[in-house]
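Written out below as structure tokens is the structure these notes cover.
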Amino acid sequence: MNKIVFSIYRYNPDVDKAPRMQEYTLDNPEGRDMMVLDAMLKLKEQDPTLSFRRSCREGVCGSDGFNINGKNGLGCITPLSAAGLKGGKIVIRPLPGLPVIRDLVVDMSQFYTQYEKVKPYLINDGKLPPAGEFLQSPEERAKLDGLYECILCACCSSSCPSFWWNPDKFIGPAGLLHAYRFLADSRDTATEERLNDLDDAFSVFRCHGIMNCVAVCPKGLNPTKAIGKIKSMLLNRAL
Amino acid sequence: MVLNQASLKRDGVQDYVSLRTSAIVLSLYTLFILGFFLVTPVVTFEIWQALFANIFMKVFTLLALLSIAVHTRIGLWQVLTDYVKSASTRAVLQFFLYALAFGYVAVGLFVLWGA
Ligand code: SF4
Ligand code: SF4
Ligand code: FES
């Protein structure tokens, strides 16, 4: 791979009538493997108008979610070798289903609105904690593993067809993962209110177990499993 | 369950349970009919009629017909709310598709208990 060809989605609503794909070629004489984000930073040196978000460059901040060769992922932790080639190129598009602000920068408002709905913070009526600190057994703490690690990159929700069609009503995998993170927390006392808020035909039950979210999560999390747990909690309460 | 399913407002938990129970009934019915064809060497009109003369078979078939109605109603509502964003178009489509589903159940009833 001495020359790598990229095809990147470009759209500047102020100037362009319609989005287009632009080709870029990156010289890579030593045939080095690198992260997609590093390659894109080099392309940005060629063409400073190419816009995308990034910050930590190590899979922690969740800024650089892109659709890389048809699959959502973080540019900074996806090696070119793992991304592979699609028709001899690396095709990069914005996260699907979200409004484009410019090039690969998407408007995440809908995503955050859904996140906000699940009250992603600890609610405690003050009866539980002993003076001083909240105590949690190692078993209770272990229930939060696989839930708290989410970095809100939106790779999952923007790959979920149910979220594409109803982003205003369906919470989406990321929001629901957080909902379950607080439902499962032994220190949280708002379980009933949380379940009441989720108990309708859309918020949770629009998930049909398609599992796109699991396939793309760069942190290896399993939103479908968390959603299944919420469904069981709602079900047990109703039966 | 059936009465709840006839109401306009959807209930997530109720739909989830109804969708799955009706799916189980329909799978069992399909397996049963398949099994019947497998174990019966020649299916004549008399054998077929005798099968449906059995009260167990009638109840089972009725259950399967109602399950089809419930299953299609919920399923269609989910698909239509995904893909048809205009409420009025959706209402019209829903009316026709539900009427069609109801028609199937009605025809089934007449076949079961008709002449
Ligand atoms: S669950 Fe995974 S894919 Fe979804 S927002 Fe969190 S880290 Fe990103
Ligand atoms: S499992 Fe549910 S949340 Fe995940 S992609 Fe599928 S429908 Fe969306
Ligand atoms: S740049 Fe922070 S996650 Fe990729």
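The values are calculated or read from the model by the stated rules, or taken from the named source; none is laboratory data. The structure displayed is predicted, hence computed values, not measured ones. Here Cβ is always computed from backbone atoms with ideal geometry, including for glycine, and neighbour counts include all displayed protein chains.
Key figures for this structure:
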read-out	value
Residue check for A:R32: exposed (fewer than 13 other Cβ atoms within 10 Å of the Cβ) and either modelled with pLDDT of 95 or more or among the small types (G, A, S) (or both)	no
Hey, A:Y121 away from ligand 3 (no atom under 16 Å from the Cβ), in a loop (DSSP other than H, G, I, E, B) and of a type in the set (F, W, Y) or not	yes
Search result, residues across the range A:11-24 that are of a type in the set (S, T, Y) and either surrounded by fewer than 12 Cβ atoms within 10 Å (Cβ to Cβ) or touching a helix residue (DSSP H, G or I) at 6+ places or on another chain (Cβ under 9 Å) (or both)	A:Y24
Residue list for the range A:60-69, restricted to those being away from ligand 2 (no atom under 16 Å from the Cβ) and surrounded by 19 or more Cβ atoms within 10 Å (Cβ to Cβ)	A:G62, A:S63, A:D64, A:F66, A:I68, A:N69
In the range B:24-58, the residues that are over 30 Å from B:F95 (Cα atoms) and in contact (Cβ under 8 Å) with a residue 24 or more places away in the chain	B:F32, B:F52
Tally, over the range A:139-182, of residues that are away from ligand 1 (no atom under 16 Å from the Cβ) and among the aliphatic types (A, V, I, L, M)	1
Among the candidates B:T21, B:T61, residue that is in contact (Cβ under 8 Å) with a residue 40 or more places away in the chain, under 30 Å from A:C160 (Cα atoms) and either touching a helix residue (DSSP H, G or I) at 6+ places or on another chain (Cβ under 6 Å) or not in a loop (DSSP other than H, G, I, E, B) (or both)	B:T21
Residue within the range A:89-105 that is under 24 Å from A:D197 (Cβ atoms), more than 16 Å from ligand 2 (Cβ to nearest atom) and either touching a helix residue (DSSP H, G or I) at 6+ places or on another chain (Cβ under 6 Å) or in contact (Cβ under 8 Å) with a residue 12 or more places away in the chain (or both) present	no
Members of the range A:43-79 that are among the aliphatic types (A, V, I, L, M), outside any helix (DSSP H, G or I) and touching a strand residue (DSSP E or B) at 6+ places or on another chain (Cβ under 9 Å)	A:L50, A:I68, A:L74
Any hit, the range A:80-103, residues being more than 18 Å from the chain's Cα centre (by Cα), surrounded by 13 or more Cβ atoms within 10 Å (Cβ to Cβ) and assigned to a helix (DSSP H, G or I)	yes
Selection from the range A:71-103 of residues that are within 16 Å of ligand 1 (Cβ to nearest atom) and more than 14 Å from chain B (Cβ to nearest Cβ)	A:K71, A:N72, A:G73, A:L74, A:G75, A:C76, A:I77, A:T78, A:P94, A:L95, A:P96, A:L98
The range B:75-91, residues that are within 13 Å of chain A (Cβ to nearest Cβ) and in contact with a helix residue (DSSP H, G or I) (Cβ under 9 Å, 6 or more places away or on another chain)	B:G75, B:W77, B:Q78, B:L80, B:T81, B:D82, B:Y83, B:V84, B:K85, B:R90
